[in-house]
Amino acid sequence: MSEHNSFTDTVDLVISEAVKKGIMHLNTEDHKLSGNTIRLNNRKVVNFGSCSYLGLEFDERMRAASRKAIDDYGTQFSSSRAYVSSKYYDLLEAKFDQIFNAHTVVAPTTTLGHIGIIPVLVNSDDAIILDHQVHNSVQIAANLVKPKGTRVELMRHNRMDLLEERIKVLRQKHKRIWYMADGIYSMYGDFTPVDKVYALMDKYPELHYYVDDAHGMSCFGKHGSGYALSQQPIHPRMILTTSLAKAFPTGGAVLVFPNAEMARKVRTCGASLVTSGPMQPAALGAAIACADIHLSDEIYTMQEELQQNIKYCNLLLKKHALPCVAETNSPVFFIAVSLPKLGYNIIHRMLQEGYYLNHGIFPGVPIKNTGVRFTITRLHTFEQIEEMISTLAHQYTEALKELNFPIEKVYRAFKMQLPEDQKIDDAVGTLINQSELSVQHETSIDAVDKELWDHLLGERGTFDWRGLKFLERSFKGNKKVENNWEFDYLIIKDNKGKPVLATFMTTALSKDDMLSPSVVSKQVEDKRHNSDPYYLTSKTLFIGSLLTEGNHLFVDKSSPLWKDAMNILFEKITKLQEQYAAAVITVRDLEPGDIEMDSFLVDNGFFKINMPENHLVEDLDWCDTMEYMSRLSYKSRKHIRQFVLRHQAKYNVEVVQEYSKNDLEHWYNLYLNVKKKSLALNTFKLPFGAFKNMAADKNWEVLTLTLKSEYDHREKIRPVAVVFSYKTKSNYNPMVIGLDYSFQDEFKCYRQAIYQIILRARSLNYKMVRLGFSATVEKRKFGAKVFSPVAYVQAKDNYNMEVLGTLSAAQRV
């Protein structure tokens with residue numbers, strides 16, 4: 001897991017919630033299967049989740065062939081294919097050569113096939129462009145070649161204009177460019193644009209096409225060769241993989257190559273083909289029988305029967321005005337829902353009504369683009385399809401009503417056009433129940449009651465009423481766009497006037513890699529420095545701001561209306577996001593371990609990200625240095641004596657009362673020294689005007705550390721460290737530090753600064769010092785307690801939600 005990314009935690013949270021609701025990780029309860037019904041949760045349901053689109057798994061010819069293979073070869077022929085294979089492999093690959101009119105290799109699974117092909121055929125001087133909806137198994141294999149230097153990028157779904165732009169750039173440095181896509185995408189059921197990719201291959205000889213056509217196999221094309229090859233014959237620079245676990249229902253995979261040499265090399269060198277176990281004789285026998293069906297005219301009758309069901313389903317979806325994301329002739333359908341909580345509700349309702357459908361959810365789709373996914377097979381009857389669609393339409397509407405969720409929000413989340421007859425007034429379906437909750441929304445802290453605000457949020461960080469007044473002064477009217485913020489304040493009260501929720505929001509240009517590992521930010525910063533200062537940046541709406549830390553969200557969870565208040569907050573955020581054209585929403589610095597809040601935010605379309613570690617020094621009731629040191633560990637005491645106390649007398653420490661413009665400029669330069677080195681929380685540099693305001697504001701104080709003349713031999717002695725700290729009633733908040741690194745190694749300026757901060761806070765009788773993010777090892781030595789706040793991110797764009805958390809899976813295009 002990346003240092004700050006909580007991708008796995010979010011997946012775990014989303015899927016576990018679905019498991020708890022009884023809609024995922026299910027097991028059939030049937031003693032014997034036949035047809036298209038199964039038993040789940042003690043209920044007989046019609047299965048609309050099967051990927052066996054032609055229903056061949058019950059074909060007696062295949063079952064008989066499977067039994068005969070077991071009789072002849074046992075349950076397994078246990079040998080690596082590098083040494084010896086059962087006879088069935090040769091027989092099956094010969095038949096696949098006919099089906100695809102190309103050279104084929106059979107693999108145990110499609111995933112192992114990708115892992116066998118890509119590291120063998122993709123070289124270090126190649127580049128890979130992944131469609132952002134390409135199957136995860138392809139992305140796994142592509143990531144295996146990154147360590148040897150292969151460039152891997154992620155491209156917006158099916159955007160051929162962007163593909164051509166990247167080809168023009170990458171062909172200057174890379175010998176080959178691989179575009180990797182699905183034939184039929186497993187969630188939305190839409191197609192790869194084969195003709196357009198072929199046109200680009202004709203135009204650019206560097207371009208190669210890698211297609212996973214798992215969901216197209218058997219359903220389309222001559223001999224059931226799949227969707228991609230139904231559009232064009234295999235290209236000399238194309239590799240196709242497909243699954244034998246869907247419409248070709250035997251298990252395994254087929255790797256399809258345009259020439260014998262490619263097939264030979266992968267068969268010989270593909271690690272997952274050489275070292276993984278072989279397919280079982282039963283699966284190989286069934287596959288041979290299934291291939292014979294594909295090589296007969298019978299396959300076309302089956303394809304046509306499936307298409308009749310698909311066409312009928314499309315007509316019914318139109319009739320009931322269900323928001324299908326992609327209207328195609330594929331057997332995969334995806335009904336737009338938007339938020340996970342709505343998806344959970346609908347899938348559960350459909351199970352209760354006797355229909356099993358899939359929950360299309362993160363990480364298969366962006367978290368805010370949850371949907372109801374279902375499949376149509378040849379075994380479904382018109383009656384089953386009609387009854388299911390009619391039930392879905394009714395339950396979809398009931399779920400929207402139950403959750404008070406306007407249909408417009410669904411269409412907006414998917415950037416789909418809402419039909420005119422479904423448009424309603426914005427006031428209808430609003431989440432704000434004025435009889436129970438009142439909402440105060442302001443755009444300046446001046447309009448907010450100071451006493452109330454400070455009571456609710458004043459001691460959580462630097463965002464008491466006066467602190468926010470400082471931010472408004474400092475981040476308005478600046479020259480650079482990133483230094484001009486929008487401010488919004490929200491207080492929600494119950495009908496007795498008691499606050500249920502309070503927060504403030506800022507909208508500003510931010511760096512997409514703000515929470516990424518430092519090594520990633522370093523690469524991105526090089527690009528910003530060399531060519532584009534606004535590379536990978538987005539306008540972001542923050543709960544909180546880029547210059548505050550602490551939990552910015554007050555919620556009274558003892559109130560029965562707290563979730564209603566949160567829904568109002570989400571409604572306000574969505575409107576502000578549209579108003580300010582913000583691409584991303586970030587809720588920062590929430591307390592870790594709040595499972596209820598975790599679930600609530602993820603259900604409402606937020607992606608969880610771990611923040612860098614934060615540090616608090618709370619034990620400030622000591623009388624002197626000796627008592628302070630006695631509360632530290634032995635190693636910490638030794639550290640402070642060696643690196644801090646031995647240098648303490650070499651410094652003059654001053655709380656600045658008067659300063660010149662030159663002083664201010666020097667302090668700013670010290671800050672810039674640190675900013676250049678600090679990427680743990682990667683933000684734009686603060687404007688000089690903010691420092692002028694800090695120095696002039698009585699709520700801030702400036703602490704300088706200057707070496708005495710016998711240790712600083714410069715002609716003009718100047719501070720080697722400066723700290724800008726914000727003071728609330730109870731807390732001392734050092735927010736900005738500046739250092740002269742030329743003195744760091746010898747005099748340990750940074751450690752001395754931390755020590756002097758703590759001494760200063762104690763002298764002012766503060767209860768706590770907030771030491772901020774990063775440098776955990778150092779800050780622990782001074783008695784700091786460490787905690788890891790969490791953030792929640794939501795993107796307006798469907799494109800690669802998780803990249804906002806890591807930027808490490810691939811570069812973004």
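Each part gets one Cα centre, and for the stretch 196-271 versus the stretch 110-182 those centres are 15 Å apart. Take the Cα of residue 698, step 7 Å toward its Cβ, do the same at residue 124, and the gap between the two points is 6.5 nm.
What FRET efficiency, computed as 1/(1 + (r/R0)^6) with R0 = 35 Å and r the Cβ-Cβ distance, is obtained for residue 136 and residue 101, rounded to the nearest 0.05? Before the final figure, lay out each step's value.
Working: r = 29 Å, r/R0 = 0.84.
Efficiency for this residue pair is about 0.75.
Each principal axis of the Cα cloud of the stretch 237-356 was evaluated for its coordinate range; sorted largest first, these ranges are 52, 37, 34 Å.
Compute the whole-percent fraction of alpha carbon pairs in the stretch 82-181 spaced more than 22 Å apart.
Details: 2072 of 4950 pairs.
Percent of Cα pairs beyond 22 Å in the stretch 82-181: 42.
Check the straight Cα-Cα distances from residue 767 and name the aspartates and glutamates below 19 Å, setting aside those fewer than 8 residues away within the same chain. Counting by Cα, and skipping residues close in sequence, residue 767 has these aspartates and glutamates nearby: 454, 459, 464, 549, 618, 619, 621, 624, 627, 701.
Axis of helix 465-474 versus longest Cα principal axis of the chain: the two differ by about 80°, to the nearest ten degrees. Taking the stretch 480-502 and a reference point 7 angstrom along Cα→Cβ of residue 439, the backbone N atoms nearer than 20 Å belong to 486-502. In the chain, the DSSP-assigned H stretches of four residues or longer account for a calculated mean residue ellipticity at 222 nm of -11500 deg cm²/dmol, using -39500 (n - 2.57) per stretch and the full residue count as denominator.
Given the Cα-Cα distance of residue 659 and residue 447 and 0.36 nm per residue of separation, how much length would full extension add, in nm?
On the way: separation 212, 0.36 × 212 = 76.32 nm, distance 3.30 nm.
Difference between extended and current length: 73.0 nm.
Just list whichever of 20/785; 557/729; 148/222; 572/675 have alpha carbons separated by over 28 Å in the model shown. Don't skip to the answer; put the middle values down first.
On the way: 20/785 35 Å; 557/729 25 Å; 148/222 39 Å; 572/675 34 Å.
As for pairs spanning more than 28 Å Cα to Cα, those are 20/785; 148/222; 572/675.
With both labels modelled 7 Å from their Cα along Cα-to-Cβ, the residue 688 to residue 496 distance reads 5.5 nm. A convex hull fitted to the Cα coordinates of the stretch 102-256 yields 97 cubic angstrom per residue.
Could you pull out which residues in the stretch 222-266 have an amide N less than 17 Å from a spot 7 Å beyond the Cα of residue 196, following the Cα-Cβ vector? 228, 231-232, by backbone N distance to the label point. The smallest convex shape that holds all Cα atoms of the stretch 1-91, its convex hull, gives 204 Å³ per residue. Cross-link check: pairs 173/539; 496/563; 246/318; 511/677; 44/319 evaluated at a Cα-Cα cut-off of 25 Å; pairs beyond the cut-off: 173/539; 246/318; 44/319.
Report the full-extension gain for the segment residue 87 to residue 57: residue separation times 0.36 nm, less the Cα-Cα distance, to one decimal in nm.
Working: separation 30, 0.36 × 30 = 10.80 nm, distance 2.29 nm.
Separation in residues times 0.36 nm, less the Cα-Cα distance, equals 8.5 nm.
Where in the stretch 506-551 are there chymotrypsin sites (Phe, Trp or Tyr not before Pro) that are in a DSSP coil and have at most 14 other Cβ atoms within 10 angstrom of their Cβ? Loop-located and lightly packed - 534. Computing FRET efficiency as 1/(1 + (r/R0)^6) for residue 387 and residue 625, where r is the C-beta to C-beta distance and R0 is 60 Å, gives about 0.15.
Just so you know, the averaged projected area of the alpha carbon convex hull for the stretch 188-297 sits at 8.0 nm². With one equal scatterer per alpha carbon and no solvent term, the Debye-computed log10 I(q)/I(0) for the stretch 627-700 at 0.14 1/Å reads -0.75. Modelled spin-label separation between residue 16 and residue 259, with each label point placed 7 Å from Cα along the Cα-to-Cβ direction: 5.2 nm.
As a ratio to 2.2 N^0.38 Å, the alpha-carbon radius of gyration computed for the stretch 613-667 takes the value 1.57. Applying 1/(1 + (r/R0)^6) with R0 = 56 Å to the Cβ-Cβ distance of residue 275 and residue 527 gives a FRET efficiency near 0.90.
I need the Kirkwood Rh of the stretch 428-561: take the reciprocal of the average 1/r across all distinct C-alpha pairs and report it in angstrom. List each step's numbers first, then the result.
On the way: mean 1/r = 0.0595 Å⁻¹.
Answer for the stretch 428-561: a Kirkwood hydrodynamic radius of 16.8 Å.
Among 556, 624, the sequence by solvent-accessible area, most first, with a 1.4 Å probe is 624, 556. Pairs with C-alpha atoms separated by more than 23 Å, drawn from the list 21/493; 676/708; 175/265, are 21/493; 676/708.
The values are calculated or read from the model by the stated rules, or taken from the named source; none is laboratory data. Owing to the predicted nature of the structure, the values given are computational and were not obtained by experimental measurement. FYI the Cβ positions are ideal-geometry reconstructions off the backbone, even for glycines, and counts take in every protein chain you see. Each accessible area value is taken on the protein alone, full model and side chains, heavy atoms only, with ligands, DNA and RNA left out. Shrake-Rupley method; radii C 1.70, N 1.55, O 1.52, S 1.80 Å.
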